[in-house]
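Chemist: One structure follows; several queries about it will come next.
The values are calculated or read from the model by the stated rules, or taken from the named source; none is laboratory data. Computed from a predicted model, the values in this text were never measured in an experiment. Glycine gets a Cβ as well: all are built from the backbone with ideal geometry, and neighbour counts include every protein chain shown. Just so you know, the surface numbers come from the protein's heavy atoms only, side chains and all, with ligands and any DNA or RNA stripped out. Shrake-Rupley method; radii C 1.70, N 1.55, O 1.52, S 1.80 Å.
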Amino acid sequence: MQSEIEAMNTTRRIQILGVNGIGLESDNDAMTAGRVLPWLQPASGEDVWTLWHVEYRDVVILGPANEPVGVYNLTVHDLADPANYAALESQLLGAAD
């Protein structure tokens, strides 16, 4: 999806990245193997998931001031379903324009 979005003309740049949860560090190698998207691991004591009320597999969509404007959960909305993929892409594009 990142490549598709980069080919589009948007008002603001869209960057997709992952933020892992505290205590889930053991799977970082598997999560990043063969992938090019940035993957962040917060340091102990910087629990971003708790601060942002994130559930496992949430996509938090940020607006122009880096404020959360939407959440799309990938467990509930499997991106293998073209309708779900299009819905997430639409939300990302909407936040960028």
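Chemist: Residue pairs, Cβ under 9 Å, 6 or more apart or interchain, first in the range 78-94 and closer than 12 Å to residue 59 by Cβ, second open to solvent by 50 Å² or more (accessible area, probe 1.4 Å) and assigned to a helix (DSSP H, G or I). List them.
Modeler: Taking only residues 6 or more apart or on different chains, the pairs are 79/85; 89/4.
Chemist: Within the range 41-56, identify whether any single residue is closer than 22 Å to residue 8 by Cβ and either surrounded by 15 or more Cβ atoms within 10 Å (Cβ to Cβ) or of a type in the set (Lys, Arg) (or both), and answer yes or no.
Modeler: no
Chemist: Out of all the residues in the range 5-18, is one or more part of a helix (DSSP H, G or I) and of a type outside the set (Gly, Ala, Ser)?
Modeler: yes
Chemist: OK, next. Every residue in the range 66-84 that is closer than 17 Å to residue 48 by Cα and out of contact with any strand residue (DSSP E or B) (no Cβ under 9 Å at 6 or more places or on another chain), please.
Modeler: 66, 67, listed by residue number.
Chemist: Could you list, ordered by first residue, the pairs with Cβ atoms under 7 Å in which the first is in the range 47-68 and touching a residue at least 12 places away in the same chain (Cβ under 8 Å) and the second is surrounded by fewer than 12 Cβ atoms within 10 Å (Cβ to Cβ) and of a type outside the set (D, E, K, R), at least 6 apart or interchain?
Modeler: 56/75; 57/75
Chemist: A follow-up question, please. Does any residue of the range 5-19 turn out to be over 12 Å from the mean Cα position of the chain (by Cα), among the small types (Gly, Ala, Ser) and open to solvent by less than 70 Å² (accessible area, probe 1.4 Å)?
Modeler: Going through the range 5-19, the residues over 12 Å from the mean Cα position of the chain (by Cα) turn out to be 5-13.
Adding the requirement that they be among the small types (Gly, Ala, Ser) leaves 7.
The next check asks that each one be open to solvent by less than 70 Å² (accessible area, probe 1.4 Å); those that pass are none.
No, every residue in the range 5-19 fails to be over 12 Å from the mean Cα position of the chain (by Cα), among the small types (Gly, Ala, Ser) and open to solvent by less than 70 Å² (accessible area, probe 1.4 Å).
Chemist: Of the numbered conditions (1) loosely packed, with under 15 Cβ neighbours inside 10 Å; (2) over 20 Å from residue 1 (Cα atoms), residue 35 satisfies every one except a single condition; which is it?
Modeler: For residue 35, the exception is condition (2).
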